[in-house]
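The values are calculated or read from the model by the stated rules, or taken from the named source; none is laboratory data. Owing to the predicted nature of the structure, the values given are computational and were not obtained by experimental measurement. Cβ sites come from the backbone with ideal geometry, for glycine too, and all protein chains shown count toward neighbours.
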Amino acid sequence: MSTPDITSVSSSYDALALDFERHASQSVYNAYYDRPAVLSLLPSIQGKRVLDIGCGPGLYAAWFIEHGAQVVGFDISGEMVERARLRVGDRGTFYQHDISQPLTFAADASFDIAVAPLMIHHVNARVTALREVARVLTADGYLIVSTSHPFADWKQHGGSYFATELVQDTWYSSSSEAFQMPYWRVSLTTLCDEFSQAGFFIDRLLEPQPEAAAAEIDPKIYHELMEQPGFIVFRLQKRRGV
C-alpha cells in the first residue's frame with residue numbers, strides 16, 4: 001500500500017486553485033451540500049477563535065468572519081492560501097502549512113472551534129494530525145469534520161467495504177487537463193475509531209441531503225444525493241483530560 005505523494009497533491013491544488021474556487025463557490029456538492037451541512041453543526045461563533053483547516057480559497061473563512069469570528073486558516077497549497085488572502089484581506093490570518101506537521105503557529109488551547117471540510121481523507125497519519133488539532137483546542141472546543149461517505153467510496157471503488165486503502169479521483173481543469181487526486185477510503189468504524197484515538201468523541205453525526213435550490217442547478221445530482229449519501233459530517237468534542 002503506497003502513500004500519497006504530498007508534493008504532487010499540493011502541486012495539483014496549486015494548478016487547480018482558480019478552477020476550484022469557481023467550482024466550490026457554486027457547485028451542488030460544495031455550495032448546496034457540504035458547506036450548509038458543516039455550517040449547520042457549528043455552535044455560535046460570535047467572538048470565537050476559529051481554525052480553518054484546509055482553508056482552500058477562503059469560502060468558509062469569509063463566512064466565519066462575517067459572523068463575528070477571529071479566523072486563522074492554513075492549506076497545503078500556496079495558491080489556495082493566496083486566494084483566501086485575496087478574499088478576506090487582513091481580516092484573517094493564513095499560512096501555507098501541511099496538516100501532517102505540528103501546528104507550530106498555534107499555542108495550546110488557542111482555538112474554540114476548528115473546521116476541516118473535505119480534507120481529512122487526503123491525510124496519511126490522520127490520528128497524529130487530529131491529536132495536534134485537539135492540542136490547540138480549548139477544553140470544550142469543537143472540531144467539525146466533513147469527508148467522503150464510506151458507502152459512497154465503496155459504491156464507486158467496490159472491493160471490501162472494510163478496506164483501508166488508497167484510491168484516486170481524477171479532477172479536470174477548465175482546460176481539460178487531468179489531475180490525479182489520491183485519498184484514503186476507510187470504513188465508518190475505522191473513521192470513528194481514529195477520532196477516539198485522537199482524543200475526541202462524536203457529539204453529532206450528519207448524513208446531509210442537499211438544499212432544495214440544488215434541484216434547479218443539477219437535478220440529476222440533487223436526486224442522487226437525496227437518496228444516497230455522498231459525504232458525512234461529524235461534530236467532535238474533546239474528551240476530558242485530553
Of PHE195, PHE200, the only residue that is farther than 27 Å from SER10 by Cα, hydrophobic (A, V, I, L, M, F, W, C) and modelled with pLDDT of 95 or more is PHE200
Scanning segment 189-222 for residues that are among the aliphatic types (A, V, I, L, M) and either surrounded by 14 or more Cβ atoms within 10 Å (Cβ to Cβ) or in contact (Cβ under 8 Å) with a residue 40 or more places away in the chain (or both) gives LEU191, ALA198, ILE202, LEU206, ALA213, ALA214, ALA215, ILE217, ILE221
Pairing a residue in segment 162-188 that is without any contact (Cβ under 8 Å) to a residue 12 or more places away in the chain and closer than 14 Å to ASP14 by Cα with any residue that is of a type in the set (D, E, K, R) and outside any strand (DSSP E or B), where Cβ atoms lie under 9 Å and the two sit 6 or more apart in sequence or on different chains, gives TYR172/ASP19
* To do: For VAL115, indicate whether it is touching an Asp or Glu at 6+ places or on another chain (Cβ under 8 Å) and of a type in the set (Val, Ile, Thr).
  => yes
